[in-house]
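The structure appears right after this line, and notes come after that.
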């Protein structure tokens, strides 16, 4: 193998490693390796080094498979329809109150089943409400929810997430 072939092979290997590190692998489980994000150093810090913070995926409650940010809710032909942005959630491994949500796709609309279990926060306690309640009320806490869907891709359960 000549010098050019070795250099090209090393370049391709390095690029593939960087791509895998940045995107992850399709077969990786959500509870796999922790994410690493460089946080900007404090403006008052004298060194120019960025602090390193490790992140891991947020744990989903049993039975739930997705996170979303609730943008709005309205009635359409008798059904409650929510406008949501799907997102992923990571938590700082050293400070569980430091949570970061990142959109994973464009906003979409989902129909909420009339019998769906909808739980929102009232202060720090969870309150069960009807799906129609969402159309006339403003959430006091965060607009982040976990949810699950059933037949016809209708939301069958959604629960607001509490963050201190």
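At 0.36 nm per residue, and after removing the present C-alpha to C-alpha distance, how many nm does the segment from residue 162 to residue 96 gain when stretched out fully?
On the way: separation 66, 0.36 × 66 = 23.76 nm, distance 1.20 nm.
Taking residue 162 through residue 96 to full extension adds about 22.6 nm, to one decimal.
Given points 7 Å out from each Cα along the Cα-Cβ axis, report the residue 138 to residue 69 separation in nanometres with one decimal.
Roughly 1.8 nm, to one decimal.
Rounded to whole Å, give me the distance from the Cα center of the stretch 117-164 to that of the stretch 81-108.
15
If eta is 1.306 mPa s and T is 10 °C, what Stokes-Einstein diffusion coefficient results for the stretch 58-160, Kirkwood Rh from Cα pairs, in µm²/s? Don't skip to the answer; put the middle values down first.
Details: Rh = 14.1 Å.
The estimated diffusion coefficient comes to 113 µm²/s.
How many nm is it between the label spots at residue 128 and residue 109, if each spot is 7 Å from the Cα in line with the beta carbon?
Calculated label separation equals 2.9 nm.
So for the stretch 58-160, averaging the separation of alpha carbon pairs under 8 Å that are six or more residues apart and normalising by length, what relative contact order in percent results? Mind dumping the intermediate values first?
Working: 215 pairs, mean separation 29.4, N = 103.
Normalised by residue count, the contact order of the stretch 58-160 is 29 percent.
Between residue 153 and residue 52, how high is the FRET efficiency from 1/(1 + (r/R0)^6) when r is the Cβ-Cβ distance and R₀ = 41 Å? Nearest 0.05.
Details: r = 40 Å, r/R0 = 0.97.
Approximately 0.55, to the nearest 0.05.
Just so you know, all these numbers are worked out from the coordinates, no wet-lab data involved. Note that this is a predicted model, so its numbers are computed, not measured. When we count neighbours, we look across all protein chains shown, and the Cβ atoms used for this are built from the backbone with ideal geometry, even at glycine.
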